[in-house]
Amino acid sequence: MPLGLLPALSDCRTTVTLPNIAACAPPARFRAAEGVRSAWPVGDGPFGRTPDLTRISGTGAQREGIRYERKALKMLATNLGEVFTPHQWFRFTTAEGVRWCQVDGVTHTPELTTIFEVKLRFTSDAWWQLRKLYEPVIRRAYYPKDVALVIVCRSFDPAVPFPEPVSHLRKCVLPRVREGDCTIHVLQWRPEKRGSK
């Protein structure tokens, strides 16, 4: 892809939130991707299709989270263009056999692969998903030169326990990473309210 078609690569804020490692247990029923032998992107998940985010069910908090995810993915697609793929499924193998995972969003170029996790509120659950599940799978699927991990959230609380420092993005761009560095970036984004300019 010609470089002129890539979205701008940059702007991290200079602020870095230091780790607060206390109480960073994995989410309930979480299974890390350890010893990934092979991985590849696929069009459909294990049940044949991606759930339809236009049909929302569940608790009030779940519905609010799904609405936010839908808006955030639309914003990412608008800002990042063709390189952004929402709801990408991956099939991968470990010593346990064949498994599946679905990232909220991913961009992949020869220079940088960026994995996006959308959460209503900043949480250490995103760390477990990005660092211990999606990153090992995508490194095996794409063999990227560099990987960036981005949490998109509506609200950010620096007191939330998190196992490593995060860098804050000022705007929706692909983060700039140093070779071999895999910092977790946070993009705090709030949808514009209807009727506001």
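The values are calculated or read from the model by the stated rules, or taken from the named source; none is laboratory data. The shown structure was predicted, so the numbers you read here are calculated from the model rather than taken from an experiment. Please note: Cβ atoms are built from the backbone with ideal geometry, for glycine as well, and neighbour counts cover all protein chains shown.
Listed by position, the strands (runs of 3 or more DSSP E) enclosed by the range 95-192 include none that has at least 2 residues that are of a type in the set (D, E, K, R), closer than 15 Å to A33 by Cβ and in contact (Cβ under 8 Å) with a residue 40 or more places away in the chain.
Against the conditions (1) farther than 17 Å from E34 by Cα; (2) at pLDDT 95 or above; (3) among the β-branched types (V, I, T), I66 satisfies every one except (2).
Return yes or no: is L120 buried (at least 19 other Cβ atoms within 10 Å of the Cβ) and either at positive phi or out of contact with any His (no Cβ under 9 Å at 6 or more places or on another chain) (or both)? Spelling it out, it is not the case that L120 is buried (at least 19 other Cβ atoms within 10 Å of the Cβ) and either at positive phi or out of contact with any His (no Cβ under 9 Å at 6 or more places or on another chain) (or both).
In this structure, V160 qualifies as touching a Phe, Trp or Tyr at 6+ places or on another chain (Cβ under 6 Å) and either surrounded by fewer than 20 Cβ atoms within 10 Å (Cβ to Cβ) or at pLDDT 95 or above (or both). Exactly one residue out of E64, E117, E69 is within 17 Å of W189 (Cα to Cα) and in contact with a helix residue (DSSP H, G or I) (Cβ under 8 Å, 6 or more places away or on another chain): that is E117. Residues in the range 170-197 that are basic (K, R) and either in contact with a His (Cβ under 6 Å, 6 or more places away or on another chain) or at pLDDT below 75 (or both): R176, R178, R194, K197.
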